[in-house]
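Peer 1: My questions will all concern the structure given below.
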Amino acid sequence: MQTMNVVKVAHKLLLDKLKVSNCIFDATAGNGNDTIFLAENSPDKAKIYAFDIQQSALDATKLKLQETAFLEKVSLILASHDKVDEYIKANIDIAMFNLGYLPGGDHTITTVAETTIAALEKTITLLNVNGIIAITAYTGHDAGAIEYSQLVMLLMNLPVRNFTVGCYSMMNHAKTSPVLYLVEKVRS
Ligand SMILES: C[S@@+](CC[C@H](N)C(=O)[O-])C[C@H]1O[C@@H](n2cnc3c(N)ncnc32)[C@H](O)[C@@H]1O
């Protein structure tokens, strides 16, 4: 059996919804792996908005997209994800937050609690009913630990009437191994 890391699990769990999604928000483009997955598995008419604060990340994502037939579906946006409402003017069907720093990149450039929480609050507001947000959180570095504790507070307090929040983690791995959260808006 192939090892299922949490990002692969996120992809599997998003697949059915992705096939009927029109507005998709990749909050952390990074090396473009999630962007490619979202573009490959969504309808032709879907639009994917991929954000990153590093031009090098968007360049890497564009390079990968150029090897596919999906470049035109994707808007690459050099901005922090908490500016989501300035760039996405439709309701969102799927959002992916793969938090932390770019593997193989500058580890000091990482997602941080303040902008992550602001971005998530805006995404929750923009999310369509039946829309899903997937968040992969990493606790193994200082900024990640602070971000994680604020993330958990936000997610635990979402009203049960409107949202279902699930989580997935590798229980026999290190305590600091990543955790996946899935937020579904069940009612507006
Ligand atoms: C773990 S990587 C993302 C991995 C990526 N999804 C992939 O498939 O390769 C995290 C990325 O978040 C970016 N980032 C950090 N803070 C950000 C912010 N406020 N807004 C958008 N992107 C941010 C980093 O530059 C980094 O590229």
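None of the figures in this text is laboratory data; all of them are computed from the coordinates on show. Treat the numbers as computed from the prediction; the structure is a model and nothing was measured. Note that we place each Cβ from the backbone using ideal geometry, even for glycine, and neighbour counts take in every protein chain shown.
Peer 1: Taking H as built 1.01 Å from N, whose amide H comes closer than 5 Å to the amide H of Val112, not counting residues under 5 places away?
Peer 2: Result for Val112 returns nothing.
Peer 1: Considering only C-alpha atoms, what is the centroid distance from the range 1-68 to the range 97-155, in Å?
Peer 2: 16 Å
Peer 1: Defining a contact as two alpha carbons under 8 Å apart and six or more residues distant in sequence, what relative contact order in percent does the range 1-78 show?
Peer 2: Taking the mean separation of contacting Cα pairs over the length of the range 1-78, I get 30 percent.
Peer 1: Give Lys73/Lys175; Lys47/Lys175; Lys89/Lys175; Lys17/Lys175 a once-over and call out the pairs whose C-alpha atoms are over 32 Å from each other.
Peer 2: Lys73/Lys175; Lys47/Lys175; Lys89/Lys175, as the Cα separations exceed 32 Å there.
Peer 1: DSSP loop trypsin sites (Lys or Arg not before Pro) in the range 1-68 with at most 12 other Cβ atoms within 10 Å of their Cβ, which ones?
Peer 2: Lys19, Lys45
Peer 1: Now for a separate question. Report ³J(HN,Hα) in whole Hz for each residue of the range 140-149, in order, from the Karplus equation J = 6.51 cos²θ - 1.76 cosθ + 1.60 where θ = phi - 60°; Gly and Pro get x.
Peer 2: Values, residue by residue: x, 9, 4, 5, x, 5, 5, 4, 4, 5 Hz.
Peer 1: Amide H of Ile92: which non-local residues (sequence gap of 5 or more, or other chain) have their own amide H closer than 5 Å, using H built in the peptide plane?
Peer 2: For Ile92, whose amide H was placed from the backbone, the distant partners under 5 Å are Leu127, Asn128.
Peer 1: Please state the relative contact order of the range 138-188 as a whole percent: Cα pairs under 8 Å, 6+ residues apart?
Peer 2: It rounds to 38 percent for the range 138-188.
Peer 1: For the range 66-140, run through the trypsin sites (Lys or Arg not before Pro) and keep only the ones in DSSP coil with at most 16 other Cβ atoms within 10 Å of their Cβ.
Peer 2: The qualifying sites are Lys89.
Peer 1: To the nearest 20 debye, what charge dipole does the range 1-119 have about its Cα centre, counting +1 at the Cβ of each Lys and Arg and -1 at the Cβ of each Asp and Glu?
Peer 2: 340 debye
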